[in-house]
Amino acid sequence: MVNEYLIKQTLKMFHEIAVKLIHPGYRLPQGGEPTRVMRTALQRVEKKYGALTAQRIVDYVVCSSYAFKDRGANWKLNQVFGPKSLERFNSDKGRMFFENKWLESEDLSRSLLLNMIVDRSEHPKAKFIFVSSEEGTKQRLLNREVGFAICQTSTLGWSPLSTACSECHFVAKCKTETQKKYPEIFRLRIEYVSKQ
């Protein structure tokens, strides 16, 4: 889904490409035009291909930019990301080899560009700090060995926000097991506790 953050980061990525590979003096136009142009372009891509993945956006921007590589300052943003850009993007995939060589000429790569647009404000596993749907399972046979076994096989283990975990007699053992099975989730949970 096209959102303001994605539009802003995509424009930033395009600006990097434009300055390094098309025209060193390029500046994005002032006002809301760049945002409108990029929103429309990304909506076209989303409509044509479905979900907007970060990789697809990078490929689209590189393809659109590459078409203007020899124009110097003789172009406008709405030309780069106009309807024809989608036709170009949908055409010959063999062009990626040449696009990659072009990017490498100024020490850029698709993976570097991808890092520019990926949202790192929230950890992808942050949603697992507390999984409310697990509470019923955790409550089942609470404080009994069999309940602990059920919890270990059916949930992500100890959570600092779980009512059942706060009442459980096996919490120390559970923390150890959670750390072994899900080290990254356990780290996020401990980090959450330390921030509170």
- prompt: Within region 2-17, can one find any residue that is of a type outside the set (S, T, N, Q) and not in a helix (DSSP H, G or I)?
  reply: yes
Conditions (1) open to solvent by 70 Å² or more (accessible area, probe 1.4 Å); (2) touching a residue at least 12 places away in the same chain (Cβ under 8 Å) -> Tyr66 fails only (1)
Counting only residues in region 73-96 that are of a type in the set (Gly, Ala, Ser) and closer than 20 Å to Arg27 by Cβ, the one least open to solvent (accessible area, probe 1.4 Å) is identified as Gly82
Checked Gly94, Gly72, Gly82 against criteria (more than 19 Å from His15 (Cα to Cα) and not aliphatic (A, V, I, L, M)); the one match is Gly94
Quick check on region 29-40. Is at least one of its residues modelled with pLDDT under 90 and touching a helix residue (DSSP H, G or I) at 6+ places or on another chain (Cβ under 8 Å)?
yes
Checked region 97-115 for anything surrounded by fewer than 15 Cβ atoms within 10 Å (Cβ to Cβ) and hydrophobic (A, V, I, L, M, F, W, C); matches are Phe97, Phe98, Leu112
Pairs returned, first residue in region 173-196 that is over 25 Å from Glu145 (Cβ atoms), second residue that is in a helix (DSSP H, G or I), beta-carbon separation under 7 angstrom, 6 or more apart or interchain, are Leu188/Ala126
Restricting region 142-167 to residues that are of a type in the set (Val, Ile, Thr) and more than 22 Å from Leu188 (Cα to Cα), the one most open to solvent (accessible area, probe 1.4 Å) turns out to be Val146
Is there a residue in region 22-34 that is open to solvent by 20 Å² or more (accessible area, probe 1.4 Å), in a helix (DSSP H, G or I) and polar (S, T, N, Q)?
no
Restricting region 45-72 to residues that are outside any helix (DSSP H, G or I) and hydrophobic (A, V, I, L, M, F, W, C), the one nearest to Pro24 (Cα to Cα) turns out to be Phe68
Being without any contact (Cβ under 8 Å) to a residue 12 or more places away in the chain and either within 24 Å of Val2 (Cα to Cα) or open to solvent by less than 70 Å² (accessible area, probe 1.4 Å) (or both) narrows Thr40, Thr53 down to just Thr53
Only one of Lys195, Lys138, Lys180, Lys125 is touching a helix residue (DSSP H, G or I) at 6+ places or on another chain (Cβ under 8 Å), over 20 Å from Ile17 (Cβ atoms) and open to solvent by 70 Å² or more (accessible area, probe 1.4 Å), namely Lys125
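The values are calculated or read from the model by the stated rules, or taken from the named source; none is laboratory data. All values derive from a computational prediction rather than experimental measurement. Cβ coordinates were reconstructed from backbone atoms using ideal geometry, including for glycine residues, and neighbour counts include every protein chain displayed. To get the accessible areas, we keep the full protein, side chains included, count just its heavy atoms, and leave off ligands, DNA and RNA. Shrake-Rupley method; radii C 1.70, N 1.55, O 1.52, S 1.80 Å.
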